[in-house]
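Note sheet for the following structure.
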Amino acid sequence: MGNHQQRDVPVSGAAKQNICSPGGNNRRVLGDIGNLVNVQGVVGIQGKALRNRPVTRSFVAQLLSNAQDAHEKRHIPAIPVGAVAKRVASMAITVKPMPDTVIQISPDTEEINKKPKSHRRSSKKKVHTLTSVLTARSKAACGGDANNKPKETIVDIDGADANNILAAVEYVDDLYKFYKLTETSSMVHDYMDSQNQINGFMRMILVDWLIEVHNHFELTPETLYLTINIVDRYFAMSQVVRREMQLVGISAMLIASKYEEIWAPEVNDFVYISDMAYTREQILVMEKSILGKLGWTLTVPTPYHFLVRFVKAAVADKEMEDMTFFLAELGLMRYAMIKYCPSMFAASAVYAAQSTLKKTPLWNETLKFHTGFAEAQLIECAKKLVGFHSAAPEHTLGVVYKKYSSSERSAVALHPPANNLLD
């Protein structure tokens, strides 16, 4: 190692013992590092170390003078001594004498002692206005506040299905919110004006026949409602000739059966049920045409999705459930009902069934919460369904009436219609 210049650093006796001999390790022990002052201008005067010298104004001035000399030697402009001295002087701390008595503030009383006694309470007096006096008197006369009456509670309709994994209790509310958002996308507009060879009554005949075929094959309700949805959507997109209406109907039911059923009827079954009016090839060609027009979009919310939910919200027994589906199928046959969205159609069927069976109350907070409709919003659609029920016994198309007149479906069609709702 080369010769190192020794710095003039004053070292205490203890530190000297910790410095190794020449040629050895020149590092000092950690205990002394940082305790030795080795800053130019602060080491001391005439090479002596400063030991706890009091910070006086003359000492600060001497430090600044030494620092200024060091800067001038390096050609670095120094800060004016006077300005720094004034700044240091302004930072001097005036020590106030300690009071003779010490007051200890506990955490409980600290916040109180911070504020003057006059601010603990609001100085603003409560003013009794004429309105407040009259309101208080009227409340006392009426036996209390009307607004404080207990509100009607919303029944937890999914509580009993908490352990049923098929009920999807965790997701059912989100599912129906999504259905409500997307139901208008699958609705059809008024298409009869654009059709040249078919009309509303012909559609009614077709739906009446499809309900009979659906009942013959013992298919699920989902299949029936999806079939009618496919028929209407196809009619809204294509010109249909009269002789092909039935072909469209059986092809739509074939598609819906493949989508909803576990064991769907075969094409030959539909050929047979149509009394050989169409061949197997014609049905398959129409099936392809319908799927192409609809863009293979079959996952749509139909009235049935909302019916099962709203019937559950009504806490309905079997008779109430059968009455709701009876009125809903009467509505399926009528072309005039396509203007109502599926959720309103289903809610109106529940309301009309409640009226027909004289349930009280007709509408409650649970139904309002789950359907999203108030009672006044359903009156118009419900009146039409009750009117269909009133005309059903004498109507020439009586498949639905006959279907729900059986004891298997509680013979709900035989109930007198809710004429009070019509009045």
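The values are calculated or read from the model by the stated rules, or taken from the named source; none is laboratory data. All values derive from a computational prediction rather than experimental measurement. Every residue, glycine among them, receives a Cβ derived from its backbone with ideal geometry; neighbour counts consider all protein chains shown. What goes into the accessible areas is simple: the full protein's heavy atoms, side chains included, and nothing from ligands, DNA or RNA. Shrake-Rupley method; radii C 1.70, N 1.55, O 1.52, S 1.80 Å.
Couple of notes before you dig in:
- Accessible surface area normalised per residue over the range 165-215 is 61 Å², counting heavy atoms of protein chains with a 1.4 Å rolling probe.
- Trp296-Thr184 pseudo-label distance in nm [points 7 Å out on the Cα-to-Cβ vector]: 2.9 nm
- Restraint check, Lys177/Lys359; Lys312/Lys368; Lys177/Lys358, Cα-Cα greater than 22 Å: Lys177/Lys359; Lys177/Lys358
- Probe 1.4 Å - accessible area at Ile379, Å² to nearest ten: 50 Å²
- With the whole protein complex present, Met253 retains an accessible surface near 0 Å², based on a 1.4 Å probe.
- Ordered from largest to smallest accessible area (heavy atoms of protein chains, 1.4 Å probe), the residues Thr324, Thr297 come out as Thr297, Thr324.
- Gyration tensor verdict on the range 372-423 (Cα atoms; rounded if a/c is under 1.5, prolate if a/b is larger than b/c, oblate otherwise): prolate
- Theoretical FRET efficiency, 1/(1+(r/R0)^6), r = Cβ-Cβ of Asp173 and Thr279, R0 60 Å, to 0.05: 0.80
- Phe325, Phe217, Phe178, reordered so the largest accessible area comes first (probe 1.4 Å): Phe178, Phe217, Phe325
- Per-residue SASA entry for Phe326, accessible area with 1.4 Å probe, Å² rounded to 10: 0 Å²
- Percent carbon-and-sulfur accessible area, the range 307-372, ignoring ligands, DNA and RNA, probe 1.4 Å: 57 percent
- Shown is the FRET efficiency for Ala162 and Asn196, computed with R0 = 56 Å from the Cβ-Cβ distance and rounded to the nearest 0.05: 0.55.
- Structural descriptor for the range 284-423: relative contact order 28 percent, calculated from alpha carbon pairs under 8 angstrom and at least 6 residues apart.
- Summed side-chain charge close to His305 - residues other than His305 whose Cβ falls under 13 Å, Lys, Arg +1, Asp, Glu -1: +1
- Largest-first ordering by accessible area, 1.4 Å probe, given options Leu357, Leu362: Leu362, Leu357
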